[in-house]
Amino acid sequence: MGVEGIVIRKATVEDLPILLGLERACFSKARYTKDQIDMFLRGENEETFLLFDENDPVGSVMLSARGTKGKVVSIGVHPEWRKKGVARDLMTAAEKWFADSGATEVDLEVGVQNPEALNLYSTLGYEVVKVLKGYYGGKEDAYLMRKQFE
């Protein structure tokens, strides 16, 4: 991966406390619950990756794939690790997993007020498909972004 000293691996059910901690650190609202994350970790067509700096978790990405359709369900980078390439590394791992899963199209949602994420996804080839009004708790709009794979 791109960030020196970072290790990426698939998450397991035993990583639930780590994922909950990252969820609290990364998101002030619209967090996933313990039960939601646990259910996701046990899903057949889902995958979660974690990134670590030595033993400290710095980010995670939750993915889902059904046939040729993929979805980035959630991506979070610990605030101390933002703007260091961690999100790009997570997306690189995600896209490899999607390709290996047979996905030819991947969707994600991102807040319209999140220029850093919008820039990252655009540079990776994701394009805005539409605006999702009130997507975040009925208050904040999001963009649905999509990338087509060959």
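Here are the numbers for the structure shown:
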| item | result |
| --- | --- |
| Of the trypsin sites (Lys or Arg not before Pro) in segment 83-140, those whose Cβ has at most 14 other Cβ within 10 Å and which sit in DSSP loop | K83, K139 |
| Per DSSP, loop GluC sites (Glu not before Pro) in segment 23-76 with at most 12 further Cβ within 10 Å | E44, E54 |
| Most fluctuating residue given options G85, G59, G43, as computed from a GNM of the chain linking Cα atoms under 10 Å | G43 |
| Within a Gaussian network of the chain (alpha carbon springs, distance under 10 Å), most fluctuating of D107, D15, D35 | D35 |
| Fraction in percent of alpha-carbon pairs per bin - 5 Å, the chain | 2, 9, 19, 22, 23, 17, 6, 1, 0 |
| Over 20 Å between alpha carbons, listed pairs K83/K147; K71/K96; K71/K130; K29/K84 | K83/K147; K29/K84 |
| Residue order, fewest to most beta carbons within 10 Å, for D53, D141, D89 | D141, D53, D89 |
| Calculated FRET value between V7 and T68, using beta carbons and R₀ = 22 Å, to 0.05 | 0.15 |
| Loop-resident sites, segment 1-67, for trypsin sites (Lys or Arg not before Pro), counting at most 12 other Cβ within 10 Å (DSSP) | K29, R42 |
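Values quoted throughout were computed directly from the atomic coordinates according to the rules given, and no laboratory measurement underlies them. Worth saying up front: this structure is predicted, and the values here are computed from it rather than measured. Cβ atoms come from the backbone with ideal geometry, glycine included; neighbour counts cover every protein chain shown.
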